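Inspection log for the structure reproduced underneath, given as structure tokens.
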Amino acid sequence: MDKSDDKHGFLSGTALKYIAIFAMLIDHIAWAFLPLESPLAQIMHTIGRLTAPIMCFMLAEGFHHTRNLKKYLLRMGIFAVISAFAFTFFEKGEFFPIANMGIIYTLFLGLLALAVWNSKLHIAVRYLLIIALCGLSLVGDWPVFGILFVLAFGINYGNFKKQSLMFSIIAIFMSTIMVAGTKPWYIAAFNFAVLLAIPLLRLYNGEKGRGGKFNKWVFYVFYPLHLVILGIIKFYIL
């Protein structure tokens, strides 16, 4: 590890995950119940931009710390499938047919991409496989860029300056595309708020935090559960 990047922060991995969960809930409440152009929705979506970078960062951390990558991938894959039905219900009020695979699916592909990058395959093969995984992510949430975020953090693991630089370049490019493709452009400007995750990630102390197995599973369970609950409120109560 680069000594200049020694971790002296006060946020554990658990704390960062709960920040991501809170931001995600705020974001999804806004998507479910508020018009995009409303000031309150813009504020809530700004907060919500913290979720994806934090989860991608923690996924890269998990990759480098896991004792069993196959089990990690299996766990991600199972919850990716479960969450796909939940995300579809959140968006359409029905579980079938699946309309969007959700972010856990994209994170799963990101984990695969990081495994490919760290494999002994020929560099050309690695690039082709990662491009293929990016293509597969088009049916998920945070397509392509979610995978690139994971790679930015994972490839530069142990050097926060390089992690931040690569992430920022990708994030600015992504946000610019979203703003350019939205009319009026300013209602998509909140996407630049993904950069606000950098100061939070800088406070990471490299520790898992308290909670043990409970905190290991909380995001996987909370993600599909809160989507179903919000979907029920959105389509069957209000």
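Observations
- Carbon + sulfur, % of accessible area of the stretch 38-163 - ligands and nucleic acids excluded, 1.4 Å: 71
- Rounded to 10°, Cα long-axis angle of helix 160-180 versus longest principal axis of the chain: 30
- For the stretch 70-203, the square roots a ≥ b ≥ c of the C-alpha gyration tensor eigenvalues yield an a/c of 1.5 or more together with a/b not exceeding b/c, which makes the shape oblate.
- GNM flexibility winner over the chain from K17, K70, K92 (Cα, springs under 10 Å): K70
- Rolling a 1.4 Å probe across the protein heavy atoms gives the stretch 1-92 an accessible surface of 47 Å² per residue.
- Pairs of Lys residues in the stretch 54-204, spaced 8 or more positions apart or belonging to different chains, with C-alpha separations under 28 angstrom: 6 in total.
- The helix-only estimate of mean residue ellipticity at 222 nm for the chain, built from DSSP H runs of length n ≥ 4 each weighted as -39500 (n - 2.57), is -22000 deg cm²/dmol after division by the residue total.
- Compared with the dominant principal axis of the Cα atoms in the chain, helix 69-92 is inclined by about 20°.
- With respect to the chain, whose longest principal axis is taken over its alpha-carbon atoms, helix 103-117 is tilted by about 20°.
The values are calculated or read from the model by the stated rules, or taken from the named source; none is laboratory data. These numbers come from a predicted model, not from an experiment. For the accessible areas, the whole protein counts, side chains as well, though only heavy atoms, and no ligand, DNA or RNA atoms are used. Shrake-Rupley method; radii C 1.70, N 1.55, O 1.52, S 1.80 Å.
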